[in-house]
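See below for the structure under consideration.
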Amino acid sequence: MLEDLLGGFDSWAPLALRIAVGVIFIAHGWPKLKAPKQTAQFVGSIGLRPALFWAMVVGLVEFLGGLGLVVGLLTRWAALFLAINMIGAIVTVKWKKGLVNGYELDLALLAASIALMLTGGGSFSVDANILSDIKF
């Protein structure tokens, strides 16, 4: 019965996931870009060098990748880079904290990024409506 009621809305799922995950990444990426020296201090403290370079890479991936997800532009590529970013965050920072109050958000964002990488942006995306004839 629920299938009959909601089955016609399958194409909305990627949109909901893209917007929620994209907004979260934008919210985490923007402060890193706004305060690159502070971000670089943290990045350097976990041993990544050159710290400012990696701080900017992480900030740009999160911010621009999040924007890409929200509008559905190059969704699979954005999701790939965001998934790599989350693996890096889990491995370098969060793993030692454990799941709860540690890497649970990162794991959920990793899973969502992988799902979007596999499914693409869906019907309501720039990818499907403008870039559908271009292969990247």
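Set Lys and Arg Cβ to +1 and Asp and Glu Cβ to -1, take the dipole of the chain about its Cα centre, and tell me which of Ala35, Leu60, Asn85 lies farthest positive.
About the Cα centre, the residue reaching furthest to the positive side is Ala35.
Which trypsin sites (Lys or Arg not before Pro) does region 29-136 hold that lie in a coil by DSSP with at most 10 other beta carbons within 10 Å?
Lys135
What per residue convex hull volume, in Å³, do the alpha-carbon atoms of region 15-121 yield?
86
What are the ³J(HN,Hα) values, in whole Hz, obtained from phi via the Karplus relation 6.51 cos²θ - 1.76 cosθ + 1.60 with θ = phi - 60°, for each residue of region 87-99 in sequence order, with x given for Gly and Pro?
Using θ = phi - 60°, the values come out as 4, x, 5, 5, 5, 8, 10, 8, 4, 5, 7, x, 5 Hz.
How much length is gained on full extension from Ala35 to Leu6, taking 0.36 nm per residue of separation minus their Cα-Cα distance?
On the way: separation 29, 0.36 × 29 = 10.44 nm, distance 4.39 nm.
Length difference between fully extended and current span is 6.0 nm.
Please work out how much length the chain gains when fully extended from Trp77 to Arg49, using 0.36 nm per residue of separation minus the C-alpha to C-alpha distance, in nm with one decimal. The partial results should precede the final answer.
Details: separation 28, 0.36 × 28 = 10.08 nm, distance 2.49 nm.
Taking Trp77 through Arg49 to full extension adds about 7.6 nm, to one decimal.
Once every DSSP H run of n ≥ 4 in the chain is given -39500 (n - 2.57) and the sum is divided by its residues, what mean residue ellipticity at 222 nm do you get, rounded to the nearest 500 deg cm²/dmol?
-22000 deg cm²/dmol
Please report the relative contact order for region 15-121, taking Cα pairs under 8 Å with a sequence separation of at least 6, and give it as a percent rounded to a whole number.
The normalised contact order for region 15-121 reaches 30 percent.
What FRET efficiency, computed as 1/(1 + (r/R0)^6) with R0 = 22 Å and r the Cβ-Cβ distance, is obtained for Ala20 and Phe42, rounded to the nearest 0.05?
0.30
Using a simple spin-label model with points 7 Å from Cα along the Cα→Cβ vector, what separation in nm is obtained for Lys96 and Ile84?
Result for the modelled spin labels: 2.5 nm.
Only Cα pairs within less than 10 Å get springs; with that Gaussian network setup on the chain, which residue of Val61, Val21, Val91 has the largest fluctuation?
Residue with maximal mean-square fluctuation among Val61, Val21, Val91: Val91.
Laboratory data are not the source of any read-out in this text; all were calculated from the coordinates shown. The structure presented is a predicted model; accordingly, all values stated were derived computationally and were not measured. Here the Cβ is made from the backbone with ideal geometry for all residues, glycine too, and neighbour counts use every protein chain on show.
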